Structure formats: structure tokens, C-alpha cells
1. Distances from A:Gly22 to the same residue in each other copy, label points 7 Å out along Cα→Cβ, in nm, shortest first?
2. How many lysine pairs does the protein assembly as shown hold where the Cα atoms are under 20 Å apart and the two sit 8 or more places apart or on different chains?
3. Give me a single rounded figure for B:209-217: the average over its residues of other chain Cβ atoms within 10 Å of their Cβ.
4. Rounded if a/c is under 1.5, else prolate if a/b beats b/c, else oblate: with a ≥ b ≥ c from the C-alpha gyration tensor eigenvalues square-rooted, which is segment B:190-230?
5. Quick one, can you get me the convex hull of the C-alpha atoms of segment B:94-243 expressed as volume per residue in Å³?
6. From the label point of B:Pro198, set 7 Å along Cα to the beta carbon, how far off in nm is each other copy's matching point, shortest first?
7. Let me check against my output: what whole-number percent is the relative contact order of chain A, with C-alpha pairs under 8 Å and at least 6 apart?
8. Based only on Cα atoms, what Rg/Rh ratio does the protein assembly as shown have, Rh being taken as Kirkwood's radius?
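Laboratory data are not the source of any read-out in this text; all were calculated from the coordinates shown. Please read these numbers as outputs of a predicted model, since none were measured by experiment. Counting neighbours? That spans all protein chains shown, and the Cβs are built from the backbone with ideal geometry, glycine included.
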Number of protein chains: 2
Amino acid sequence: MKIDRDRSVRLLWEPPAEATRGPRAALSQARVVEAAIKVADAEGVDALTMRRVAETLGNTAMSLYRHVPGKSELLDLMVDAVWGETEHTPRGPWREGLEFFARQMWAMYRAHPWMLQLTTSRRMPGPQAMTRQDAAFAVVSGLGLSAEEIVAVVTTVSQFVDGVGRTMADRVQAERETGVSEDEWWNGREALWRHFTPERLPMTTRIWHAGGYERPLDEFEFGLARVLDGLRVFIEAEERTLVRKETCQ
Amino acid sequence: MKIDRDRSVRLLWEPPAEATRGPRAALSQARVVEAAIKVADAEGVDALTMRRVAETLGNTAMSLYRHVPGKSELLDLMVDAVWGETEHTPRGPWREGLEFFARQMWAMYRAHPWMLQLTTSRRMPGPQAMTRQDAAFAVVSGLGLSAEEIVAVVTTVSQFVDGVGRTMADRVQAERETGVSEDEWWNGREALWRHFTPERLPMTTRIWHAGGYERPLDEFEFGLARVLDGLRVFIEAEERTLVRKETCQ
DNA sequence: TAGAACCGTGTACAACGTACACCTCGTTTA
DNA sequence: TAAACGAGGTGTACGTTGTACACGGTTCTA
């Protein structure tokens, strides 16, 4: 299938035209996307094959191609549909707003971990994803930041959530594939621990014995607090006020 | 191929036993891993097939299986081999040490962007990766942090570099696949920009017109400074000293 | 010198996305 | 009202992937 990116744009940003002729369609783009999301939620992104999606709809693989140009475009549609599920109007001062933005994103990733395996740099941005980002920009406008800085601040938060989310998503996927929980799995790695000697890994073994791996801090909560603290230092910096010549709104 | 994780451990942590019988081997585990890394560097992770690796060595696909149990294990070996390429002894006070740690990681990801597509949660950690992490722990020891906090601080930095790196890796891969640079590609998305109207995306269009997308801030530099600032707030916090009962080292 | 251990090859299979030709409907037009 | 048309869904088939399996050649050990 040749990739026509402008068709992807139409697919995402323009409502699909309704057919005026032919038999009444049992399927529809929306139903295909919905079914695909269900498959991904329940069985992971590896199980997301055209045959599997079609099967859950009671159809054959090729029937999907009447409603979706190809798998890549189906993924585009799935991603944007999920972005549309969450509220995206953070309120309040910048810190609370960004925190809300991050927590919503986090909740979404927890519900649909496969999203992180699909969001790559050139996936076509859809209206839902863009609206969400726009709302985040609004939260940090009015602080005297330049346009570039607004983008950088929001990107920093998004990228943080993506990072933590990816770790979480990998865990979820591994648990599903192996049927073994994270803790159980690592506990069963006796053959590995044997190599963790104080000579080879002095700090790691020390931390190990101090119980540093037993009750790890929540990665999301810890990291989010640090990132927001770091942004506060930047936003409230006095020197920055000098550079605020061409600010954005 | 059934997955035997304990065999993966031996593969990574114990030097391969030399054969005493049979014909002199043209291939070796090291040569296979080296060839695979070259393929991934030059052609990306998608081109990394057993057939392709074998081809660059002048052999058949199945010959690789004499030296590597399967593709998954080959990836394990590639990842750890690359971790071994860089110096991993950051020095100096904690901030400089963590910065060095982050910059080394960043340089490595720039040289081998495919690494980010292979590091998933249950990939078996190898000696090189662990040694590196151990050195990072050492950098933030002696600050009165608890064991959990040491782990959390290092994880925060690693995860930040992973996040920025992943964005960069996606870009590199997309540029290779399409043969079109990032800027060219987005500039050609006329059909997309048409939908970016002030009514739909007020902040985005405003930022756009203010030139916020023309000279974006360096994501790595901006983010790293913020993360380290955030960690400084945490490390130097006075209240934290009260909780420092069971510190590590 | 026989046999065991090891190296590399060729063939084959199951899954994947999807191109293609086809039949079956329902609507539109003459 | 009949013919033409366009759309929905199916079945078959192909190329690509990882890798199981059986085989033949090579070199050291008993």
C-alpha cells in the first residue's frame, strides 16, 4: 500500500463521506476503529492484526479495507480517537494546569498502554491530539514566556509523561505476554542476581541490601514533582524577565 | 524458539565457552553482534533481519543460530555491547556527575538511535548496562539520600534522556524511511496546516505566527537543565533532612 | 582410525499486511 | 421499469519474517 499522507490528513480532519449507493454497510470506520481499540486494550498491540480485528467484528480481514485505507491509517485513527476520550481543558494557575495536563495523560496511558507504542514522530496529528496540546499551551501563556519557551515547557511535560508511561506500558505488555507479574518475574531471576557482586556492582548491591528496590518511589509522582519544580525555577527566574522581549500573549 | 531467560543471563554475564572440536568457525558471537550493530546503525532496526545480518557476513540466515540462540537474544547482546562502548565513570559533584551521565547517554543514543526501540522493561540487563547504572548511583551517594531516593533520582535522569532520545530516534528513522528531512516533510503538509484555524486551535496558531516553531529550543538542553534544577530543589530541601533516617552510604 | 562434537546450508512452515479479482447488493439514471 | 453503476464483503495468493529440522562436511578426541 502506497502511503498517501494527504489522504491521512483528510481521514483524520474531515468527517468521512457517507455512501449513497450500494448495500447498507454492516461496518463503518467508527466501528472498525472502536473494535481495534478494544483489541489493543485487551490483547495488546502485538495482537492487533487486521485478521484479529475483523474476527471480533464477525468479518474477514479484507472487509476492513473498505473503511480504512490500511493498517497505518487505522492506527492514526485509533490514536486520535483515544485522545478524544479525555477532557482537555486544564484550568488554574500554570502549575496546577500542567499537573492536571500530566495526570490526564497519565490516566489515559494507564487505560491504553499501547498508545505509547504507536506515537512516533511522523504519525499524523489529529484534531483531538492538537486540541489537547492547544489547551496546554493556554495554561502557560500569560507568564511572559516567548513562543519557543511555551512550546518547550509543554514539550518537557509531555515527554516526561511519555517516558514514565513507556516504562509502564512495557511492564503491562510483558505481564500479559508471559502471564507473570513484574515482581514474580524478577524474583525468579536467581541466575541473574548471582552476578550482582559487591566487586562488580558496589553501589547496586549496597542499595539492594538497604532495601532500595523493595519499596521504590512512585516514578510518576516523584518525577512529576521534580519536573514541575524545575519548570518553576525557570519560569520564576529573574534573569529571564530581561530576555522577555517578544513574549507570546 | 522457546524463551529460556536463564540462558539469556548466561549469554550476557558469562563469556561464551570456546569449542574444542569441529571445524574452525568462520563466525563467532562477537562477529554476529558486531555485524548486527552495523546493520542497525546503517539501515535501522526494521532492516535488522536475520537474513540481512547473515548477508553482510557472507553467510546464510541459519548460520547465525550456531552463535546466538535467537533474535531476541541477539538484541540483548547488541544492547549490552553498545552500553560497553562508552566510558561510564562520571565524576565531580552530583550535578556535574549526573549531567555527564546524561550527556554520555545522549551521545550514545545519537550514535545508535535504534537502542531506544530495543530497551523494553524485561530485556535482560547485561553487565555493561549495570556497571553504568552503578556508577550513576555512586554520583548521588553521600548526599544523605535514602536508597529509594538514589534509585528515583537516577531513574528520573535516565528516563528523561530516554524520552528525548526516543523523539530523536523516531525522527532519524522517519528520515531514513522516507528520504525526506523532518522540515521538508512538515513543510509539505499543506493539507494539514489548512485545518489549523484560530477558531479550532487558538494558541497553536498564535504561537505559529509568533515564530514559535521556527527556532525551537533544543529539547535535550532545555529539558536537562529543568530536570537538574528540579532535582536540586529536592536534594537541597530542608524538610528532606528530617526524613533522612535510614540513608544509604 | 572410529566416533563424537561442531559448523554452515537448504528446505519448509506459520503468521503478517495487503493486492487482486470476484460476487452481491442497493441506488441512481435513462 | 430496466439497465448501469458504485459500494460492501469474500477468497485466494504473494512476499517477508523468524526459526525448526534434517543433512553433509570438518576437526579434534578416544
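1. Distances to the matching label points in the other copies: 5.7 nm.
2. Numbers: A:Lys2/A:Lys71; A:Lys38/A:Lys71; B:Lys2/B:Lys71; B:Lys38/B:Lys71.
Here the count comes out as 4.
3. Numbers: counts 2, 8, 5, 10, 3, 2, 3, 5, 8.
Mean partner shielding for this stretch: 5.
4. Details: a/c = 3.26, a/b = 2.56, b/c = 1.27.
Note, shape of segment B:190-230 comes out prolate.
5. Details: hull volume 25.6 nm³, N = 150.
Given the Cα convex hull of segment B:94-243, per-residue volume reads 171 Å³.
6. 7.0
7. Working: 195 pairs, mean separation 49.9, N = 249.
Contact order relative to length: 20 percent.
8. Values: Rg = 24.4 Å, Rh = 24.9 Å.
The Rg/Rh ratio comes out at 0.98.
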